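For reference, the structure discussed in these notes is given below.
The values are calculated or read from the model by the stated rules, or taken from the named source; none is laboratory data. As the structure is a computational prediction, the values presented were derived from the model and not from experiment. Don't worry about glycine lacking a Cβ; one is built from the backbone with ideal geometry, like all the others, and counts go over all protein chains shown.
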Amino acid sequence: MLTRLREGTPDAAREGRARPGTPDDAGAPVRIEGLAHSFGELRVIERIGLEAEPGEVVGIVGPSGCGKTTLLELVAGLRPADSGTISVGGRTAAEERLERCAYMPQRDLLLPWLSALDNAALALRIAGAPRGGARAQAGAHFERLGLAGFEGARPGELSGGMRQRVAFLRTLMAGRPVLLLDEPFASLDAITRAEMQSWLAGVLGPDKHTVLLVTHDVEEALYLSDRVLVLSSRPARIADRIEITSPRMPDRSAAVTSAEFTALKERALRSLAEAAR
Amino acid sequence: MSTARRYLAPVAVILVLLGAWELAARWDWISNALNIEDFLVPAPSDIAKSLWEDRSLLGSNAWVTLKEVVFGFAIAAVAGIGFALLIHLSETARRAVYPLLVASQTIPIVILAPILVVWFGFGLTPKLVIVALICFFPITVNMLDGLRSVDPDLTKMLRSLGAGRLQRLWRAEIPTALPYAFSGARVAITVSVIGAVFAEYVGSSEGLGHLINQAQAQLLTARSFAAVVVLSAMAILLFALVSLIERKVITWDSRELTRS
């Protein structure tokens, strides 16, 4: 489905930008080596390395305030790193990384003056697509995202789960090979969050995106990811690396209560508790 | 019913105040005690009489003042928004222009007005300059505050979607700033009327300020008060008009983003 979504991005979106080295659809691996960052005297990130291949979801969990959001901003090229190298699709320059990453911030940040449809189509409009075309492109996905009938609704009229789906569609419509998701469901209640996780698992299933998923919800990370990195408290280091053999199973309830999942969850929680010390 | 009840209290207060004023002006013992003379403070009924009898005089002069206010305000709105955008986009422009902007508000209009009359004569131009000068500051400062108040996370999100400087300005900063700009416009339209009257007072052959000036010289106090009533009504209507446009333009809840 996502592959279709990406094919759906208009050529105008890419031609409109017309910068050299614009990303293609082949997929872009993310590689980080020896990354360190501090805010003044405060060291936030220390010696982090990770690799994520196209089609993979790498979950990043850690105590609050350990620099998870900073890590995503560094990868996206929204913030210059102090030291270490980050490459996205083989490119290390911040400007080129920014062109390959779609960043979904923790808050949905839907523009209150635009309809749900126009919010979803924002990336296409920014890339220079005409309004009608952009709306048609984004609107084609409303049915499958459970948003049909809400095209003209303002964000204030949508439920928390719907707002998050519109924000996710807006991220996807950017047509970037790398998705950086920052606590995408943190603001939702437990039931809606579980629904959204199943939904995202289905959406990400066959897809070739490289996904970095930051969350403080261990279960969410273990269910959605191929690999989970447990970060220590500030300055963040990688405290544990957990491989998941069968991620994103269709039946979420069964998956998260299996013996294997429970064992992984226990391991992750222990690593987290140790890392927070 | 509820509408009637909403207006009941303010109307009652105004009627009581007017009644007290009427009595104070009519009853000799009160007016003598308070030193109220006809030529100093006319009774409300005299003002009402003047409003009716001088209606064509008041109307034609109000029309002149209205034109000065509306055009002066329009110039200020365009210039104010332009300056706000310029200062917002360029740190150099900010450093260069901002002190001057503040300084422009400290020049007493009393000093400026006669100079403008000498330069531009008794016509429309010096009034436009003074009205624009008064209106321009609240619009600029409020618009600028609005542009700078844009959510930094929103900026990051737009950058990651590929938005450059002007795209971010157009898609996020200007819509964020609009409610602020309207606040400034409401302040500006209210003071603009005072500006226009003052400009007419200094040198003019028409307009409500000119009418007040003349009426006072002839001790036609009721007429000058009637002109003030027309002036207040004009200010209230213009204020309501700006508020109406604001409601038509800003159809969203401007606190929405901070809640998400």
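Annotations
- Considering A:Leu204, A:Leu212, A:Leu179, A:Leu264, the condition of being in contact with a His (Cβ under 6 Å, 6 or more places away or on another chain) and among the aliphatic types (A, V, I, L, M) is satisfied by A:Leu179 alone.
- Failed condition for B:Ser31, given (1) among the polar types (S, T, N, Q); (2) under 29 Å from the mean Cα position of the chain (by Cα); (3) closer than 25 Å to B:Gln216 by Cβ: (2)
- Note on the range B:33-109: enclosed helices (runs of 4 or more DSSP H) holding 1 or more residues that are modelled with pLDDT of 90 or more and under 30 Å from B:Phe225 (Cβ atoms) are B:44-53, B:55-89.
- Number of residues in the range A:83-100 that are of a type in the set (S, T, N, Q) and either surrounded by 21 or more Cβ atoms within 10 Å (Cβ to Cβ) or free of Cβ contacts under 8 Å to residues at least 40 places away in the same chain (or both) equals 1.
- Residues of the range A:163-172 classified as of a type in the set (A, V, I, L, M) and modelled with pLDDT under 90, total: 1
- Evaluation of A:Thr85 against (1) farther than 29 Å from A:Arg270 by Cα; (2) among the β-branched types (Val, Ile, Thr); (3) within 18 Å of the chain's Cα centre (by Cα) (one fails), failing number: (3)
- Those residues of the range A:180-197 which are within 15 Å of A:Leu145 (Cβ to Cβ) and crowded, with 19+ Cβ neighbours inside 10 Å, in sequence order: A:Pro184, A:Phe185, A:Met196, A:Gln197
- Test for A:Glu219: is it within 21 Å of A:Asn119 (Cβ to Cβ), surrounded by fewer than 23 Cβ atoms within 10 Å (Cβ to Cβ), without any contact (Cβ under 8 Å) to a residue 60 or more places away in the chain and of a type in the set (Asp, Glu): no
- All positions within the range A:164-206 that are part of a helix (DSSP H, G or I) and among the aromatic types (Phe, Trp, Tyr): A:Phe168, A:Trp199
- Subset of the range A:142-175 that is among the basic types (Lys, Arg) and under 21 Å from the mean Cα position of the chain (by Cα) - its residue that is farthest from the other protein chains (Cβ to nearest Cβ): A:Arg144
- Answer from B:Ala235, B:Ala217 - the residue that is at pLDDT below 95, aliphatic (A, V, I, L, M) and within 25 Å of the chain's Cα centre (by Cα): B:Ala235
- Residue match in the range B:100-123 (condition: touching a residue at least 24 places away in the same chain (Cβ under 8 Å), surrounded by 20 or more Cβ atoms within 10 Å (Cβ to Cβ) and in contact with a Leu (Cβ under 9 Å, 6 or more places away or on another chain)): no
- Residue identified as in a helix (DSSP H, G or I), within 30 Å of A:Arg170 (Cβ to Cβ) and away from chain A (no Cβ under 14 Å) among B:Leu144, B:Leu169, B:Leu238: B:Leu144
- Single unsatisfied condition, B:Val150 versus (1) modelled with pLDDT of 90 or more; (2) within 14 Å of chain A (Cβ to nearest Cβ); (3) in a helix (DSSP H, G or I): (3)
- Residues located in the range A:67-87, provided they are more than 11 Å from every other protein chain (Cβ to nearest Cβ) and outside any loop (DSSP other than H, G, I, E, B): A:Lys68, A:Thr70, A:Leu71, A:Leu74, A:Ser83, A:Gly84, A:Thr85, A:Ile86, A:Ser87
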